Amino acid sequence: MRKKILIVTANYYKNISKGLLFNAKKILQKPFDLIFVPGVFEIPVTIAKNIKKYDGFIALGCIIKGETPHFEFISKTSIDAIMKLSIQYKKPIGNGIITCLNQKQALSRQKKGQEAAAAMLSVLNSIKKSSK
């Protein structure tokens, strides 16, 4: 049976998200669904709403540090929520959310999309094998 995969992409920094998504697609051999959300903070709730419909997820987005503590709150809250969902539902979620100090760093880290997809597929395949 084909495994269903959902990519949730935060579009706040469109040019960076586009690169993360491009790189994630490179590693995926199978069809997948895609949902765009406004920012990283909306990724966990979108995954939660779809958790029973899919076997694996890839979270893509970018958080760039500004002059306020907002960066720390969004980074920690979003990544903690994604980890809790993965553990609670025992479903792999590839974390392709990059946290950077500036746009130059973000642009140089777009391969994280590919790494997140590879990690999710690796866990998904190991779960599949161990359940046989």
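Computed from the coordinates by the stated procedures, all read-outs in this text should not be read as laboratory data. On a predicted model such as this, the values are computed, not experimentally measured, just so you know. Counting neighbours? That spans all protein chains shown, and the Cβs are built from the backbone with ideal geometry, glycine included.
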Legend entry - Under 18 Å from the K90 label point (7 Å along Cα→beta-carbon), backbone N, the range 36-79: 51-57
Legend entry - Set of the range 1-32 residues, backbone N closer than 17 Å to the point 7 Å along the Cα-Cβ line of I64: 10-21
Legend entry - Mean Cβ neighbour count within 10 Å, used as a protection proxy, ranking 68-76, 42-50 highest first: 42-50, 68-76
Inset, instruction - Quote the relative contact order of the chain in percent (integer), defining contacts as alpha-carbon pairs under 8 Å separated by 6+ residues. - result: 32 percent
Inset, instruction - Give me Y89, Y54 ranked fewest to most by other Cβ atoms within 10 Å of their Cβ, as a rough exposure proxy. - result: Y89, Y54
Legend entry - Dipole magnitude of the range 34-107 about its Cα centre (Cβ charges: Lys, Arg +1; Asp, Glu -1), debye to nearest 20: 280 debye
Legend entry - Approximate spin-label separation F36-I127, in nm, with each point projected 7 Å along Cα-to-Cβ: 2.8 nm
Legend entry - Amide H within-cut-off set for L34, under 5 Å, with H built and near neighbours excluded: I7
Legend entry - Helix-only CD estimate at 222 nm, as mean residue ellipticity for the chain, using -39500 (n - 2.57) per DSSP H run (n ≥ 4): -16000 deg cm²/dmol
Legend entry - Rounded to the nearest 20 debye, dipole of the chain from Cβ charges on Lys, Arg, Asp, Glu: 700 debye
